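The values are calculated or read from the model by the stated rules, or taken from the named source; none is laboratory data. Quick caveat: nothing in here was measured; it's all calculated off a predicted structure. Glycine gets a Cβ as well: all are built from the backbone with ideal geometry, and neighbour counts include every protein chain shown. In case anyone asks, the SASA skips ligands and DNA or RNA and just uses the protein heavy atoms, side chains included. Shrake-Rupley method; radii C 1.70, N 1.55, O 1.52, S 1.80 Å.
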Amino acid sequence: QVQVVESGGGLAQPGGSLRLSCAASGSIFKVYAMGWYRQAPGKQREQVAIITSDGSINYADSVKGRFTISRDNAKNTVYLQMNSLKVEDTAVYYCIFRVPGAYWGQGIQVAVSS
């Protein structure tokens, strides 16, 4: 079994920054990909940023140039640095690890408001 736990998040003003962290533990043989999705109220869950085992990164167009995903392989941890936050970034952010089955975190709230 794999456990995925997110931390960080909270409230930020437009233009501000937040950093999310997510750590996986348990029966992990290999991490094929890790990353972040988000779901805003009344909307479908969408991919925000994913990093694969070979280092390939994919960002949603809406966050390119503002968000940065990074990882610490030794700690099975993935980070999401969010800069220049916008009101429309408000959502519950979910971390995912593919090992290779998909394991999700419980979700963490990010609110951007003045």
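Under a 5 Å amide H cut-off, with hydrogens placed 1.01 Å from N, Arg66 pairs with nothing among residues at least 5 apart or on other chains.
The string of couplings for the stretch 47-52 from the Karplus curve (6.51, -1.76, 1.60, θ = phi - 60°) is 6, 9, 7, 9, 10, 9 Hz, one whole number per residue in order, with x for Gly and Pro. With 5 Å bins beginning at zero, the pair-distance distribution over Cα atoms of the stretch 1-53 amounts to 4, 13, 19, 25, 21, 10, 6, 2 %.
Potential lengthening of the chain between Ser84 and Thr52 amounts to 9.0 nm, from the contour at 0.36 nm per residue minus the alpha-carbon distance. The mean accessible area for residues of the chain, using a 1.4 Å probe and ignoring ligands and nucleic acids, is 53 Å² per residue. For the stretch 39-114, the Cα gyration tensor yields ellipsoid semi-axes of 22, 15, 11 Å (square root of five times each eigenvalue, largest first, whole Å). Surface composition of the stretch 1-83: carbon and sulfur make up 47 percent of the accessible area, probe 1.4 Å.
For the chain, averaging the sequence separation of C-alpha pairs within contact (under 8 Å, six or more residues apart) and dividing by the residue count gives a relative contact order of 38 percent.
If you place +1 on the Cβ of every Lys and Arg and -1 on the Cβ of every Asp and Glu, how big does the dipole about the Cα centre of the chain come out, in debye to the nearest 20?
It comes to approximately 60 debye.
Rounded to 0.05, the FRET efficiency of the Lys30 and Gln3 pair, given R0 = 22 Å and the Cβ-Cβ distance, is 0.85. Cross-link partners for Lys43 among the lysines, with Cα-Cα distance under 17 Å and sequence neighbours closer than 8 places in the same chain left out: Lys86.
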